[in-house]
Amino acid sequence: NRYIKEHTYIEQWEEGKSFYTRTTIITPKGDLTKLDRKDEWLNTVWHIEHLIKSDEDIDRYLSIPDDLQPVDTTRLKEQDEQLGEKGILLISIEDPLCIAAELFEFGDFTVKAFTDKEMFMKIMDKAFEQQMFFLEDMLQKGAGPLFRIVGPEYATPPFLPIQYFHDLVCRYDSKMISIIHDYGQYARIHCHGRIKDALPHIAEMGADAIDPVEAPPSGDIMLSDVKMLYGDKLCL
């Protein structure tokens, strides 16, 4: 997004052995800010403050113009040539739920999605238009053959009731899968955790594959059961 690039300001500083980064996006309706911390001894970025912390921040986020730019696929082509016949490229892309959820502190996300789904889905609608633009642009330029769609786990128990999976995942991801198939490529769903009740929806969307399949206690279904139920529909 060219608007975001041109209206984003970054401040960095060090405290002890921790490095802080404050990011400010100037929107037509006011500033959005987030604060991240990275510790010297650990390769993890901690999100101290998230971009959306209030309903006013949602309005600010929605006011950001959709000034989208084409994707530079040069690196993908170079990697494909280097890979040759030794494997295939996998391209990860966030779905609208992943983008929307990670704008919030995790607890705030679950509460907003559960109690004000209509407003939450306005954020997702904006993210969907953006991701479909990027996805089709990559596909037109020959990217593939495998696309990994990341984010559906945010709508699985215990985070949200499985009844939310259709509106927050299928409504959007099915269209992403469809356009990937239109270009003769493959779509893989990335979904951690308790996937047992989500599997019928994932299969119905037409996904070609899923990762991971986690046994209890992390997940709620055994690999052998998934193979028996969906092994003829999904690559596991």
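Where a number appears in this text, it was derived from the coordinates with a stated rule and is not lab data. The structure presented is a predicted model; accordingly, all values stated were derived computationally and were not measured. All Cβ positions, even for glycine, are placed from backbone atoms using ideal geometry, and neighbour counts span all protein chains on display.
Observations, loosely collected:
- Cleavage-rule hits, GluC sites (Glu not before Pro), region 56-117, DSSP coil, Cβ neighbours within 10 Å at most 13: GLU85
- A Gaussian network model of the chain, with springs between Cα atoms under 10 Å, assigns the largest mean-square fluctuation among LEU51, LEU139, LEU42 to LEU42.
- Per-q log10 I(q)/I(0), region 123-206, q = 0.11, 0.14, 0.25, 0.26 Å⁻¹ (Debye; single scatterer per alpha-carbon; no solvent): -0.29, -0.47, -1.26, -1.32
- The trypsin sites (Lys or Arg not before Pro) of region 19-103 that DSSP puts in a loop, and whose beta carbon has at most 16 other beta carbons within 10 Å, are LYS29, LYS53, LYS86.
- Charge dipole of the chain (Cα centre as origin; +1 on each Lys and Arg Cβ, -1 on each Asp and Glu Cβ, all else neutral): 240 debye, rounded to the nearest 20.
- From the C-alpha gyration tensor of region 68-112, square roots of 5λ in Å: 34, 14, 6
- Relative contact order, percent, the chain [alpha-carbon distance under 8 Å, six or more residues apart]: 13
- Intensity falloff of region 96-236 expressed as log10 I(q)/I(0), Debye formula with alpha-carbon point scatterers, at q = 0.15, 0.19, 0.22 Å⁻¹: -0.74, -1.12, -1.37
- Bridge type composition, the chain - antiparallel percent by DSSP, nearest 5: 60
- Test item: Cα-centred dipole of region 1-114, Lys/Arg +1 and Asp/Glu -1 on Cβ, debye: 60
- Overall size of the chain from C-alpha positions, given as principal axis extents largest first: 51, 43, 39 Å.
- One Cα centroid belongs to region 84-126, the other to region 159-176; the line between them spans 10 Å.
- Computed on region 1-133, the Cα convex hull volume stands at 156 Å³ per residue.
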